[in-house]
1. Restricting attention to segment A:1-17, which residues are farther than 21 Å from A:Ala92 by Cβ and surrounded by 13 or more Cβ atoms within 10 Å (Cβ to Cβ)?
2. Which of the residues belonging to segment B:78-111 are under 16 Å from B:Gln51 (Cα atoms), part of a helix (DSSP H, G or I) and of a type outside the set (D, E, K, R)?
3. If you check A:Ile49, A:Ile11, which single one turns out to be assigned to a strand (DSSP E or B), aliphatic (A, V, I, L, M) and farther than 20 Å from B:Lys59 by Cα?
4. Considering only residues that are within 14 Å of chain B (Cβ to nearest Cβ), surrounded by fewer than 17 Cβ atoms within 10 Å (Cβ to Cβ) and farther than 24 Å from B:Asn60 by Cβ, which ones fall in segment A:67-109?
5. Looking only at segment B:84-118, filter to residues that are polar (S, T, N, Q) and touching a strand residue (DSSP E or B) at 6+ places or on another chain (Cβ under 9 Å); which one of those is surrounded by the most Cβ atoms within 10 Å (Cβ to Cβ)?
6. Counting just the residues of segment B:1-15 that are among the charged types (D, E, K, R) and part of a loop (DSSP other than H, G, I, E, B), which one comes out nearest to the chain's Cα centre (by Cα)?
7. For segment B:16-71, which residues satisfy the criterion of being within 9 Å of chain A (Cβ to nearest Cβ) and not in a helix (DSSP H, G or I)?
8. Return yes when B:Val78 is more than 14 Å from chain A (Cβ to nearest Cβ), in contact with a Leu (Cβ under 9 Å, 6 or more places away or on another chain) and free of Cβ contacts under 8 Å to residues at least 60 places away in the same chain and no when it is not.
Amino acid sequence: MSHLVVKDRLIKTDPEGFLNNLVEWDETVAEAIAKTEGIILTPDHWEVIRFLRDFYQAYQIAPAIRVLVKALLDKLGPEKGNSIYLHTLFPAGAAKQSNKIAGLPKPTRCI
Amino acid sequence: MKKILFIQRRSPYGTGFAKEALDAILMASAFEQEISLVFTDDGVWQLKNQQDTKTLGIKNFSPTFKALELYEVKQIYVEQMALEQRGLQIEDLIIPVTVLATAELRQLIQQHDVILSF
């Protein structure tokens, strides 16, 4: 069992850093997870994180990357709707790392 | 390109078949095949709207069916008789579907290259 400490709260995670209890997520937790990943969250990161959380809320799954890219393309235009952009934000894997910071389960499908 | 038909015939939570099949469909959609999906027998319960699984302690995965369109899975059918036998109507379902008579379902099966029944 691993954990994060966020402002005196002990947040349990799996060995890879995904939250055990999704309801413990908030913005300070996101920042703490991002820090362990070596990322400082910018408004561009938050845009993707919020999108992922809304998607999960609506459909109960993490979107496949191509679905995420398509949705970002529709919503934010070609500059942000491409996988290279996502990789610059989340260099350790657009799907896995972004979901981890967004406090969502580890994506089961990596396609 | 192959035409693949997924047949969902079990209720959603008694076994893992329904959820596993849905995962397989989302996965298959990545390979640019032509995918169709039909619900028959107790499988129609998977699409029942307003599911509440709290007392089961299992995640309600029915909202994921609403994501099928985003995954380009747009040919979704339900067998009329299966609905009728369970007192369900098309308005009770969580997503829009095409209703098929049993003979039409038989045709649909014949038109596909691969049949995966869950």
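1. Across segment A:1-17, the qualifying residue is only A:Arg9.
2. Residue satisfying the conditions is B:Ile90 alone.
3. Only one candidate qualifies: A:Ile11.
4. Matches in segment A:67-109: A:Lys70, A:Leu73, A:Asp74, A:Lys75, A:Ser83.
5. That would be B:Ser117.
6. Within segment B:1-15, the subset among the charged types (D, E, K, R) is B:2-3, B:9-10.
The next check asks that each one be part of a loop (DSSP other than H, G, I, E, B); those that pass are B:2, B:9-10.
Details: B:Lys2: 19, B:Arg9: 8, B:Arg10: 10 Å.
Across segment B:1-15, the extreme among qualifying residues is B:Arg9.
7. Correct list: B:Lys59, B:Asn60, B:Phe61.
8. When the stated conditions are applied, B:Val78 passes them.
Taken together, the values in this text are just the output of simple stated rules run on the coordinates, not laboratory data. Note that the structure is a prediction, hence the values are computed from the model and not measured. Because the Cβ atoms are built from the backbone with ideal geometry, glycine has one as well, and the counts that use them run over all protein chains shown.
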